[in-house]
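Student: Just dropping this structure here.
Please treat every number below as a calculation from the coordinates, not as lab data. Computed from a prediction, not measured in an experiment: that's the story for all the values here. Reconstructed Cβ throughout: ideal geometry from the backbone, glycine too, with neighbour counts over all protein chains shown.
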Amino acid sequence: MPMRLAEIAGLFPEVPVQSRGSSTMESLGINPKKYLCMGIVLSLLAFIVVLTACLLAGLEHFLGISLLGLAASLALLLALPEAEARKRAAAVESEMPFFLRSAGMLMEMGIPFEKAVHQAAEGPMKRETEKIARSAGNGMSMQNALSSFASSLDSLAVKRAVSQLVSAYEIGSSGREMQKIGNELLDLEKHRFRQYASKSALLGLVFIISSAVLPTFFLVYAVIGRYVFGAALGEPEIALGLLAVFPAMSAMILAVSKAIVPASSLSAKTALKPYIALPGILLIAGTLVEWLQVPAMLLAFLVSGHFLYRDYAKEKKAEEIEAVLPDALFSVSGLPKSTPPERLFRVIENGGFGKLSVEAGASRRQLENNVKLETALDDLWQRNQSPLLRRAALMIKQMFRTNSLDRLSMLAEDIIGCFQMQRERSQVFSMQKYTLVFGALLVPVIMKTALSLLESMGSLIDEASVAGAVEFSYSVVPSYLIIYAMISSVAIADAEGKGSSAAIYFLLLAVAGLAAFHFISF
C-alpha cells in the first residue's frame with residue numbers, strides 16, 4: 001500500500017469501530033480507526049461516481065451496479081494493509097538468508113553485533129534494522145526491539161532468524177550459527193521455487209487460452225453471431241475487444257503469475273520503462289495506416305536498436321564482472337593478512353579477469369593517488385551498478401579494517417551460492433518463457449485459421465456484412481499481435497532481470513507473429 005494513502009488516512013477522524021485488520025494496520029504504523037473512516041468516505045465517493053455514470057449511460061440496474069462499486073471499493077481499501085503486510089514480510093524473508101550470512105561473516109571478523117547487523121543489512125532489511133536501532137536508542141532493550149520486529153511480521157522463517165539474532169546478542173556467540181541458519185533459509189527458498197514451477201505451468205496454459213482461444217471465439221461470435229445467436233457486434237466492439245479487453249486479461253494473468261512468485265533477494269528488479277512501448281506504438285500505427293507501414297517499421301527497428309544498445313552494454317558489463325568475481329576473490333584469498341589494498345587490486349588487474357581487471361586497475365590507480373579505500377570501493381560498485389559487487393566491496397572494506405583477508409574465500413563461496421539461486425530461478429521461469437515465445441507463433445496461426453474459415457462461410461452465405469467484418473478483423477489482428485509481443489517481451493525481460501532484452505524480444509516476437517499471420521495460408 002502506498003504510504004501516501006496512509007498519510008491521507010491521518011487527516012480523517014476516528015470512527016468508534018474496530019476492524020478485523022486492526023493489528024495489521026498498527027504493525028504498519030497506521031491508525032486503524034482513521035483508516036476505516038477514510039475507506040468509508042472514499043467508497044461513498046466511488047458510489048456517487050458510479051451512480052452518476054450509470055444514470056448518464058441510461059443503465060437499468062444503476063442502483064445495484066453502484067452498490068457493487070461501493071462494496072468493491074471498501075473491500076479493496078480494507079485489503080490493502082493486509083497485502084502490504086504480506087509484501088513486507090515476503091521482502092524481509094527473502095533478504096534474511098543473505099543478511100544472516102553477511103552478518104555472521106562480519107561477526108567472525110570481530111565486528112560488534114550492532115555494527116555487523118547494520119552493515120550487513122540491504123534493501124528491506126536496512127529499513128527494518130534502522131527501526132530496530134531507533135527503538136533501542138529510545139530506551140528499549142535490543143532483545144525487545146528484535147522481538148517486536150519479529151512479532152510485527154507473519155513469517156515463521158523471520159521469527160526463527162530473529163531468535164538466532166537474540167541468542168547471538170545475549171550470549172555473544174560467533175557468527176557461524178547465523179551463517180548456518182542463513183544456509184537453511186536458502187534451501188527453503190529453493191524448495192519454494194520448485195513448488196512454484198507447477199503453478200507457473202498452469203498459469204502458462206491459462207495465458208494461452210486468454211490470448212489465443214478466447215479472442216478466436218470472440219471473432220467467430222462477432223462475425224457470424226447475428227446468424228447463430230441473433231446478436232451482432234460492430235467494428236468498434238471488435239476493435240475494443242482485441243486491442244483492449246483481451247490484452248488486459250493477458251497482462252493481468254502475467255501480473256498474477258509474478259505476484260505468486262516466491263520472494264527472493266535475487267528477484268528481477270526490472271523497471272517498466274516507458275520507451276519499451278514506443279516501438280509497439282509505431283508498428284500498430286503502421287498496421288492501421290497503410291502509408292505508414294514501411295516508415296513505422298523502420299523507425300521501430302531504429303528505436304529498439306538504440307535502446308537495446310544503450311542498456312545492453314551496461315548490463316552485459318555488470319554480468320561479465322559478476323561472472324568472474326568469485327575466481328578473482330579466490331585468486332587473492334591466499335595473500336597475507338597484512339597485504340595492502342593496492343597489491344590486492346594489482347593481483348586482480350593482472351589476473352586476466354576481463355572487465356573486472358580493468359575496473360581493478362582503475363581502483364588501484366585511485367589508491368595510489370591517495371584516495372581512501374572506502375571511497376575507491378564505493379566508486380567501484382557504483383560505476384558498474386552490480387549488487388554482488390556492492391556486497392563484495394562492503395566485505396572487503398571490513399576485511400581490511402579487521403585484518404581478515406583470509407576470509408575472502410568465504411566471500412567467494414557466498415557469491416557462488418548466489419549464482420546457484422539465480423540458476424534455480426532461471427529454471428523455474430524457463431517454462432513460462434518458452435510458453436510466451438511459442439504463443440507468438442500459435443496465436444497468429446489460430447486466428448488466421450479462424451478468419452480463413454469465416455471468410456469461406458461468408459462466401460457461402462453471400463452476406464456483405466460477414467465479408468466486411470472479416471476484412472475489418474484482418475486489419476485489426478496485426479495490431480493485436482504487436483500488443484501480444486509487447487506484453488510478452490516485457491514479461492520475459494522482467495523474469496530474466498534484464499531490461500535491455502525487452503527490445504530484442506519484442507522485435508523477434510512481433511516479426512515472427514506478423515510473418516506467421518501474413519504468410520501462412522490455409
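Student: How big is the shadow of the Cα convex hull of region 338-403, averaged over all directions, in nm²? Could the numbers behind the result be given before it?
Tutor: Numbers: hull surface 16.2 nm².
In nm², the orientation-averaged hull projection of region 338-403 is 4.0.
Student: Here's a follow-up. What are the ³J(HN,Hα) values, in whole Hz, obtained from phi via the Karplus relation 6.51 cos²θ - 1.76 cosθ + 1.60 with θ = phi - 60°, for each residue of region 101-107 in sequence order, with x given for Gly and Pro?
Tutor: Coupling constants for region 101-107: 5, 5, 5, x, 5, 5, 5 Hz.
Student: Under a Cβ-Cβ cut-off of 13 Å, what is the net charge of the residues other than G175 that fall near it, where Lys and Arg count +1 and Asp and Glu count -1? Numbers along the way, then the final one.
Tutor: Working: positive: R101, K115, R176, K180, R407; negative: E108, E177, D414.
Result for the neighbourhood of G175: +2.
Student: Taking only the C-alpha atoms, wrap a convex hull around region 312-431 and report its volume per residue in Å³ as a whole number.
Tutor: On the way: hull volume 11.5 nm³, N = 120.
Roughly 96 Å³ of hull volume per residue.
Student: Kindly write out, for region 503-511 in residue order, the coupling ³J(HN,Hα) from the Karplus curve 6.51 cos²θ - 1.76 cosθ + 1.60 (θ = phi - 60°), rounded to whole Hz, with x marking Gly and Pro.
Tutor: Using θ = phi - 60°, the values come out as 5, 5, 5, 4, 4, 5, 5, 5, 5 Hz.
Student: For K314 and E413, calculate 0.36 nm times their separation in residues minus their Cα-Cα distance, and state this gained length in nm to one decimal. Walk me through the numbers on the way to the answer.
Tutor: Values: separation 99, 0.36 × 99 = 35.64 nm, distance 2.54 nm.
Extra length available between K314 and E413 comes to 33.1 nm.
Student: Shifting gears a bit: Quick check on region 90-186: take the gyration tensor over C-alpha atoms, sort the square-rooted eigenvalues as a ≥ b ≥ c, and tell me if it's rounded (a/c under 1.5), prolate or oblate. Working shown, then result.
Tutor: Numbers: a/c = 1.41, a/b = 1.07, b/c = 1.32.
Verdict is rounded for region 90-186.
Student: Between E471 and D327, with labels modelled 7 Å along Cα→Cβ, what's the label distance in nm to one decimal, could you check?
Tutor: Output for this residue pair reads 6.3 nm.
Student: If we count other beta carbons within 10 Å of each Cβ, what is the order of F149, F438, F506, F472, fewest first? Walk me through the intermediate numbers first.
Tutor: Details: F149 20, F438 12, F506 27, F472 16.
Lowest to highest Cβ neighbour count: F438, F472, F149, F506.
Student: Return the distance in nm (one decimal) between the two label points of a simple spin-label model at E7 and L67, each offset 7 Å from Cα along Cα→Cβ.
Tutor: Result: 3.8 nm between the two label points.
Student: Could you compute the net charge surrounding C418? Neighbours are other residues with a C-beta less than 11 Å from the C-beta of C418; K and R count +1, D and E count -1. Please list the in-between numbers first.
Tutor: Values: positive: R101, R391, R423, R425; negative: E322, E413, D414, E424.
Charge balance in the 11 Å sphere: 0.
Student: What is the extension gain from L55 to L202, computed as 0.36 nm multiplied by their sequence separation minus the C-alpha to C-alpha distance, in nm to one decimal?
Tutor: 48.8 nm
Student: Could you work out the local net charge near S331, counting Lys and Arg as +1, Asp and Glu as -1, over the other residues with Cβ closer than 12 Å to its Cβ? Let's see the in-between values first.
Tutor: Details: positive: R346; negative: D327, E349.
Once positives and negatives cancel, what remains is -1.
Student: Given labels modelled 7 Å from the Cα in the Cβ direction, how far is it in nm from Q195 to R127?
Tutor: Once both label points are built, they end up 2.5 nm from each other.
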